[in-house]
Amino acid sequence: MNAPSPSSNGSKLIARVWHGVTDAARADAYADYLERTGARDCRATPGNRGVYVLRRVKLGRAEFTFISCGSRSTPSGASRGMIMKRHTTIRKTAISSSSSSPSSSTTTSSPERSLDPADNAGWEELRLLGHRMVDEMLEYLRTARERPVWRPVPADVRERLSGPAPREPTPVGDVYEQFKRDVLPYPTGNIHPDSGDG
């Protein structure tokens, strides 16, 4: 996008903001559409002081933020160009800024990594683990009377829990086993039916 014209008086600006969303596969075409319509119209509007188009790709969707800066008297020249057509949603807000010389930019972030399983086998594994978790937690509650009301946390467990957080992904099944080993046996509150808190 073109850089905004410099300001000589540091007067207050109005930043008109539009938000648009489309499929990630349409992101480049959508950016071209914004350039040909809204951005061009805004720059041609008397008193316009800058145009920003920000893009973020997230979970298969491209989210666009279009910002046009101008004085309070500057008409909203982008309105007709920013009416998003099919596959998009839009809302409009207005914010005030005292910046004297905003700089125009286009920012694109890399897609976020999904936490979803990679394939059907992964989904099936997660489904089975989920059923197992529910079964084991119900059994944990059913057998609460068979366990001590309170158990001190052993030193080795304290040491593991005090260690650094993992920096790499850990299989969800392993995380669940760690939870059962180091967390579940040592609740911070009493759940035993014979305790005053149960």
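For Ala165 and Arg142, the FRET efficiency from 1/(1 + (r/R0)^6), where r spans their Cβ atoms and R0 equals 45 Å, is about 0.85.
The P(r) of the range 120-182 has a tail past 19 Å containing 49 percent of all C-alpha pairs. The 3J(HN,Hα) values that the Karplus relation (6.51, -1.76, 1.60; θ = phi - 60°) gives for the range 60-68 are, in residue order, x, 10, 9, 9, 10, 10, 10, 10, 10 Hz. Gly and Pro appear as x. Amide hydrogen proximity for Leu13: with H placed 1.01 Å from N in the peptide plane, the residues at 5 or more positions away or on another chain lying under 5 Å are Ser97, Ser98, Ser99. Computed from backbone phi, the HN-Hα couplings of the range 43-54 come to 5, 7, 7, x, x, 5, 10, x, 10, 10, 10, 10 Hz, rounded to whole numbers (Karplus: 6.51 cos²θ - 1.76 cosθ + 1.60, θ = phi - 60°; Gly and Pro given as x).
Read-outs: derived from the displayed coordinates by stated rules, not from any lab. These figures come from a predicted structure and were not determined experimentally. Note that we place each Cβ from the backbone using ideal geometry, even for glycine, and neighbour counts take in every protein chain shown.
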